[in-house]
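The values are calculated or read from the model by the stated rules, or taken from the named source; none is laboratory data. Keep in mind the model is a prediction, meaning the values are calculated, not measured. All Cβ positions, glycine included, derive from the backbone under ideal geometry; neighbour counts span all protein chains shown. Calculation scope for accessible area: heavy atoms of the full protein, side chains included, ligands and nucleic acids excluded. Shrake-Rupley method; radii C 1.70, N 1.55, O 1.52, S 1.80 Å.
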Amino acid sequence: MSVPSQAPVLWHLKVSNYNEKARWALDYKGVPHVRRAGVPGQHLRIAKRLTGGRTFPILVVDGEPIGDSTRIIETLEARWPDPPLYPRDDALRRRALALEDFFDEELGAHVRALVVHHMLPSADLTLGAFFQDLRGARRAAARVMFPMIRSRFRSMLEIDDDAVTVAFEKIRAAGERFRRELQPSGYLVGDDFSVADLTAAALVAPAVAPPQFPYPQPQRDHELLAPLRAALAEAGLLDWTREMYARHRGSSAEIQRREHGADRRV
């Protein structure tokens, strides 16, 4: 695919599951794009400037910022329909979109909270996963400030004992829906990979940390996340997610910024 004169720009957080959902869609469709990674917490200022909101990912296409991973995929389907993530059949497409919405609302935020909850006892693990680009003095400063960083994570994501209990319950419930919907093909809708599969796999990816995930995952096989991996295994999502990544998480369509000459200003 040729490189457009003004490539889409994806503002993202490297470890975030909703951000991975958007990245995977861009890569799956082979859409050349520029990536700009934000620092957790500091990304709020950029998000507010671009969309008036507080969250990444944000895809800027032809100067128009599009927030929310679901809207990003909808835009990609309209502009770059092949290979499709929406089934061609109307009934299957409605089912795929309903499952996308279910996993977005009933699984993603709870997996995110549990990943953070299980990482926070370790400064090295948390900083390695969420602040991968900090080096030298900035990494040292982050270690000194880690008690404050840990407190802010808990506050922003509203993580407490009750939230952790609810999150594990949500994983169990999502697993029940997942097992009911899973087809003999191994996919959630019909015989082909769709937005439903991409969404479910991407939203649990930070806990599973499959090898094909495009950024370092220091939490892979880490003992602190063992209870979360066990819950995902019981739900049927652990090995299935690894399989979806092995089958469909191909090469990156990212354009290196130095090659593309992208404007770094927001």
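Is it fair to say Leu76 is touching a Leu at 6+ places or on another chain (Cβ under 8 Å) and not in a strand (DSSP E or B)? Even if it seems obvious, please write down each step before you answer.
Numbers: touching a Leu at 6+ places or on another chain (Cβ under 8 Å): yes; not in a strand (DSSP E or B): yes.
For Leu76, the condition - touching a Leu at 6+ places or on another chain (Cβ under 8 Å) and not in a strand (DSSP E or B) - is met.
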Exercise for the section: Report yes if some residue within the stretch 153-175 is open to solvent by 10 Å² or more (accessible area, probe 1.4 Å), closer than 28 Å to Glu243 by Cβ and free of Cβ contacts under 8 Å to residues at least 24 places away in the same chain; otherwise report no. Expected result: yes
Practice task
Residues being more than 28 Å from Pro84 (Cβ to Cβ), in contact with a Leu (Cβ under 9 Å, 6 or more places away or on another chain) and crowded, with 16+ Cβ neighbours inside 10 Å: count how many of those fall in the stretch 44-56.
Solution key: 0
Exercise for the section: Considering every residue within the stretch 188-200, establish whether at least one is open to solvent by 20 Å² or more (accessible area, probe 1.4 Å) and at negative phi. Expected result: yes
Fill in the blank from the handout: The condition from (1) at pLDDT below 95; (2) within 29 Å of Asp133 (Cα to Cα); (3) surrounded by fewer than 22 Cβ atoms within 10 Å (Cβ to Cβ) that Val15 misses is numbered (3)
Problem - Considering residues of the stretch 128-149 that are outside any loop (DSSP other than H, G, I, E, B) and open to solvent by 70 Å² or more (accessible area, probe 1.4 Å) only, the residue modelled with the lowest pLDDT - result: Arg138
Fill in the blank from the handout: Scanning the stretch 44-58 for residues that are within 28 Å of Ser194 (Cα to Cα) and in contact (Cβ under 8 Å) with a residue 60 or more places away in the chain gives none
Exercise for the section: Filter the stretch 207-218 down to residues that are open to solvent by 10 Å² or more (accessible area, probe 1.4 Å) and not aromatic (Phe, Trp, Tyr), then give me how many there are. Expected result: 6
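A quick yes/no check of all residues on (1) charged (D, E, K, R); (2) under 24 Å from Val111 (Cβ atoms); (3) modelled with pLDDT of 95 or more:
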residue	(1), (2), (3)
Val9	no, no, yes
Lys21	yes, yes, yes
Leu26	no, yes, yes
Arg35	yes, yes, yes
Gly38	no, yes, no
Arg79	yes, no, yes
Leu92	no, no, yes
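If the requirement is being farther than 23 Å from Ser252 by Cα, in contact (Cβ under 8 Å) with a residue 40 or more places away in the chain and surrounded by fewer than 16 Cβ atoms within 10 Å (Cβ to Cβ), which of these qualifies: Gly30, Gly41? Outline the logic, then answer.
Numbers: Gly30 fails: farther than 23 Å from Ser252 by Cα.
Unique residue meeting the criteria: Gly41.
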Exercise for the section: Kindly indicate whether any position in the stretch 246-262 is assigned to a helix (DSSP H, G or I), closer than 18 Å to Val111 by Cβ and either open to solvent by 60 Å² or more (accessible area, probe 1.4 Å) or free of Cβ contacts under 8 Å to residues at least 60 places away in the same chain (or both). Expected result: no
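The rows are residues; the columns are (1) surrounded by fewer than 19 Cβ atoms within 10 Å (Cβ to Cβ); (2) more than 20 Å from the chain's Cα centre (by Cα).
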{"residue": "Ile58", "(1), (2)": "no, no"}
{"residue": "Ile66", "(1), (2)": "no, no"}
{"residue": "Thr70", "(1), (2)": "yes, no"}
{"residue": "Leu76", "(1), (2)": "no, no"}
{"residue": "Pro81", "(1), (2)": "yes, yes"}
{"residue": "Arg88", "(1), (2)": "yes, yes"}
{"residue": "Val111", "(1), (2)": "no, no"}
{"residue": "Ser122", "(1), (2)": "yes, yes"}
Exercise for the section: Residues being assigned to a loop (DSSP other than H, G, I, E, B) and touching a helix residue (DSSP H, G or I) at 6+ places or on another chain (Cβ under 7 Å): count how many of those fall in the stretch 46-73. Expected result: 5
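Any residue in the stretch 165-182 that is hydroxyl-bearing (Ser, Thr, Tyr) and part of a loop (DSSP other than H, G, I, E, B)?
First pass over the stretch 165-182, keeping only residues hydroxyl-bearing (Ser, Thr, Tyr): 165.
The next check asks that each one be part of a loop (DSSP other than H, G, I, E, B); those that pass are none.
Within the stretch 165-182, none of the residues are hydroxyl-bearing (Ser, Thr, Tyr) and part of a loop (DSSP other than H, G, I, E, B).
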